[in-house]
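Peer 1: Quick one: structure below, then a few questions.
Where a number appears in this text, it was derived from the coordinates with a stated rule and is not lab data. Note that the coordinates shown come from a computational prediction; the quantities given were computed from them, not determined experimentally. In this analysis, Cβ positions are derived from the backbone assuming ideal geometry, glycine residues included, and neighbour counts consider all displayed protein chains.
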Amino acid sequence: MIANNYNRIWIIEDDASFFPMFRKQFSRAFADIEEFVPNWDLMFVARKPMEKEPESFVEGTEYAKWPGFSYWGLSYAITRGGVDKIMKQNPLRKLAPIDELLPIMYNRHPMPQWKKLFKERDLIAVSIHPLLIVPSWWFGETECISDSEVSETVSPEIKECS
């Protein structure tokens with residue numbers, strides 16, 4: 001993104017499965033977000049909400065919510081400004097998978113000891129609602145190959161590399 005000077009990119013993992021009428025629903029949701037959150041940095045198209053409390057809709061929208069703590073980097077868009085905010089925190093010197101890094105950066109991660117390693121957590125995150133992409137396979141199914149579900153923890157806490 002930085003080398004090619006893109007303003008926005010869309011990340012879609014290889015195991016993404018699109019809902020029917022995806023393009024129409026995405027267009028509606030994207031229009032909502034562009035109108036009501038024009039300064040967004042991160043836009044989830046697929047995620048796994050992890051909080052029990054209901055998330056609030058972006059005021060004035062039908063298809064956008066403010067995301068709480070979420071997992072899955074299955075599908076999201078990010079702006080150049082969002083990437084700049086992340087890169088400013090030197091994420092390549094810290095060991096944090098994208099599923100942990102994104103909610104840290106929009107300040108909704110539940111682990112304060114991880115959040116404290118990232119000084120500015122001001123990514124403006126928004127989520128399309130309802131979500132429009134799901135994994136093609138779920139953990140535990142025979143077709144599922146996961147890079148993360150059964151991985152071991154490297155250390156009990158994230159540490160900054162020198």
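Peer 1: In whole Hz and in residue order, list the ³J(HN,Hα) couplings for region 40-45 that follow from phi through the Karplus curve 6.51 cos²θ - 1.76 cosθ + 1.60, θ = phi - 60°; x for Gly and Pro.
Peer 2: After applying 6.51 cos²θ - 1.76 cosθ + 1.60, I find 4, 10, 9, 10, 6, 10 Hz.
Peer 1: In the structure shown, do any of Lys48/Lys88; Lys24/Lys115; Lys48/Lys115; Lys24/Lys116 have a Cα-Cα gap over 30 Å, and if so which?
Peer 2: Lys24/Lys115; Lys24/Lys116
Peer 1: Using θ = phi - 60° and the Karplus relation 6.51 cos²θ - 1.76 cosθ + 1.60, list the HN-Hα couplings for region 85-94 in order, rounded to whole Hz, with x at every Gly or Pro.
Peer 2: 4, 5, 5, 4, 8, 6, x, 6, 9, 10
Peer 1: Still on this structure: Picking from Leu132, Met105, Phe118, whose Cα lies most toward the positive end of the charge dipole for region 8-135 (charges on Cβ: Lys, Arg +1; Asp, Glu -1)?
Peer 2: After comparing all options, I get Phe118.
Peer 1: Among the trypsin sites (Lys or Arg not before Pro) within region 1-84, which fall in a DSSP loop and have no more than 16 other Cβ atoms within 10 Å of their own Cβ?
Peer 2: Answer in residue order: Lys52.
Peer 1: Report the GluC sites (Glu not before Pro) located in region 69-144 that are in a DSSP loop and have at most 12 other Cβ atoms inside 10 Å of their Cβ, or state none.
Peer 2: For GluC sites (Glu not before Pro) across region 69-144 that sit outside H, G, I, E and B with at most 12 neighbouring Cβ atoms in 10 Å, the list reads Glu120, Glu141, Glu143.
Peer 1: Taking a virtual spin label 7 Å from the Cα of Lys119 along the C-beta vector, which residues in region 74-106 bring their backbone nitrogen under 12 Å of it?
Peer 2: Answer for this model: 88-90.
Peer 1: Ok, one more. Counting other Cβ atoms within 10 Å of each Cβ, which GluC sites (Glu not before Pro) in region 1-91 have at most 16 and sit in a DSSP loop?
Peer 2: Glu13, Glu51, Glu55, Glu59, Glu62
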